[in-house]
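See structure below.
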Amino acid sequence: MAQIINHSFDTIPKSYLFSEVARRVAAFRAAHPEKRLIPMGIGDVTRPLRRPVIEALKKAAEEQTHAESFHGYGPEQGYDFLREAVLGHYAGFGVHLEKEDVFISDGAKSDLGNLPDLFSGDCVVLLPDPVYPVYRDSNLMAGRRVTYLAATRANSFAPLPDEALHADLVYLCSPANPTGAAYSKEQLKVWVDWALANDAVILYDAAYECFIQNDLPHSIYEVEGAKECAIEVCSLSKTAGFTGMRCGYTVVPHGLVREGQNLHDLWLRRQCTKMNGVAYPIQRAAEAVFTPEGMAACREDIAAYLRAAAIVADALDELGIWYCGGKNSPYIWMECPRGLDSWQFFDALLENAGIIGTPGSGFGENGEGYFRLSAFSGEENARAAMERLRAWLQS
């Protein structure tokens with residue numbers, strides 16, 4: 001009898017990392033209802049949507065109540081007004097794009113999981129390890145062969161290509177989730193040159209580019225040649241607090257061709273088949289993010305999250321604990337103290353300090369012995385959490 005179930009699901013962990021974190025936290029809460037826990041784990045934002053966004057959302061919703069301004073199905077690539085706003089954002093850091101190359105989506109996670117639809121099941125996928133689980137699991141679900149490139153303390157968790165490894169599709173994220181490590185322009189040039197030489201395609205996750213505060217590149221397209229080898233995915237989730245609104249954008253340049261096939265055209269065909277676009281009021285709200293008033297408000301929120309990250313970083317410096325991230329990223333990637341492994345530290349931190357974090361081993365083999373703390377919980381929680389951490393580790 002023929003199999004009808006996709007048994008590639010058997011190759012992924014039975015429980016998604018954050019589901020297991022939630023399960024353990026729920027069990028702890030049930031056993032200790034009197035304890036106040038400080039969430040420093042999953043990367044959801046906590047600061048509310050800003051006024052320019054809300055006003056645009058309300059105005060667009062009101063338009064939907066009038067026949068003359070009602071919008072039904074929108075264009076699969078997104079409305080021109082939002083795509084043009086995205087072009088203006090890229091122009092702000094010196095990148096010129098064509099409007100036709102921009103696709104509006106319901107967030108980076110969806111596109112990062114769906115873009116491999118453009119590639120065959122025989123495609124070899126290269127991932128840094130540790131890595132955001134969606135990259136790994138979505139490809140394993142499809143039965144693709146996944147290989148790993150070690151991201152370690154020795155290479156500052158920002159590995160460069162290994163000439164001995166073959167790959168057709170490579171995922172990069174900068175600043176990275178979970179480590180907060182970021183590539184310089186020179187390092188991205190190494191990746192672009194490698195991809196061009198090997199006919200590989202880079203899927204570049206720029207979801208955290210808004211946290212960059214120095215001269216690091218905001219886009220892989222700041223590197224010459226990247227439009228011939230890279231697809232870039234970004235999101236308003238962290239930029240503007242859209243985790244509950246769901247809106248992002250993906251750039252697939254017309255110049256990206258493999259095996260005689262234009263990947264831009266393939267992605268357009270895929271989206272037309274499987275997606276009806278993002279709601280009109282959401283796209284109007286997203287457009288407001290890119291106005292001067294919207295961007296100024298977003299920068300205030302990002303600065304607040306980075307202040308929270310600095311509170312964590314200062315405490316780890318004081319305690320003599322190695323870490324990376326926290327400078328151009330909302331994530332702090334710390335070495336587990338006292339020789340504990342990742343899940344042991346998760347349980348000990350919960351029990352002794354009431355802090356919820358994320359075990360590094362959930363992001364891959366090279367994440368063992370490390371731990372991710374998030375600054376999205378805010379300055380007050382970061383300060384309270386670090387006071388608890390000091391009290392525990394110095395006791």
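Can you tell which of Ala391, Tyr221, Phe103 lies farthest toward the positive end of the dipole of the chain, using +1 and -1 charges on the Cβ of basic and acidic side chains (Lys, Arg; Asp, Glu)?
My answer, from the dipole projection, is Ala391.
So if we plug the beta-carbon distance of Ala67 and Gln261 into 1/(1 + (r/R0)^6) with R0 = 56 Å, what FRET efficiency do we get, rounded to 0.05?
That gives a FRET efficiency of 0.85.
If I take every Cα pair under 8 Å that is 6 or more residues apart in the stretch 294-361, average their sequence separation and divide by the length, what percent do I get for the relative contact order?
Answer for the stretch 294-361 is 20 percent.
Is it possible to state the helix-based mean residue ellipticity at 222 nm for the chain, with each DSSP H run of 4+ residues giving -39500 (n - 2.57), the sum divided by total residues, to the nearest 500 deg cm²/dmol? What is it?
-12000 deg cm²/dmol
Let me spell out the model: positive unit charges on the Cβ of Lys and Arg, negative unit charges on the Cβ of Asp and Glu, origin at the Cα centre of the stretch 51-291. What dipole size does that give, in debye rounded to 20?
So the magnitude is around 680 debye.
Enumerate by residue number the chymotrypsin sites (Phe, Trp or Tyr not before Pro) in the stretch 46-83 meeting two conditions: DSSP loop (anything except H, G, I, E, B), and at most 12 other Cβ atoms within 10 Å of the site's Cβ.
Phe70, Tyr73
Would you mind computing, in nm to one decimal, how far apart the modelled labels at Glu228 and His32 are, each placed 7 Å from Cα along Cα→Cβ?
Going from the Glu228 label point to the His32 one covers 5.7 nm.
Over what distance in Å are the Cα centres of the stretch 73-96 and the stretch 295-373 separated?
When both Cα centres are located, 34 Å separates them.
Over the chain, with a single point scatterer placed on each C-alpha, what log10 of the ratio I(q)/I(0) does the Debye formula yield at q = 0.09, 0.12 1/Å?
The computed values of log10 I(q)/I(0) come out as -0.55, -0.98.
Beyond a 31 Å Cα-Cα separation, which of these cross-linked pairs lie in this structure: Lys35/Lys58; Lys59/Lys99; Lys59/Lys274?
Lys35/Lys58
Taking the Cα centre of the stretch 340-388 as origin, sum charge times position over the Cβ atoms of Lys and Arg (+1) and Asp and Glu (-1), and report the length of that vector in debye to the nearest 20.
Dipole size: approximately 120 debye.
Tell me, what is the percent relative contact order of the chain, built from C-alpha pairs under 8 Å that lie six or more residues apart?
23 percent.
Which Cα, out of Gln64, Ser8, Phe81, lies furthest along the positive dipole direction of the stretch 1-115 (beta carbon charges, K/R +1, D/E -1)?
Most positive-ward Cα: Ser8.
Laboratory data are not the source of any read-out in this text; all were calculated from the coordinates shown. All values reported here derive from a predicted model rather than from experimental measurement. So basically every Cβ, Gly included, is an ideal-geometry build from the backbone, and we count neighbours across all protein chains shown.
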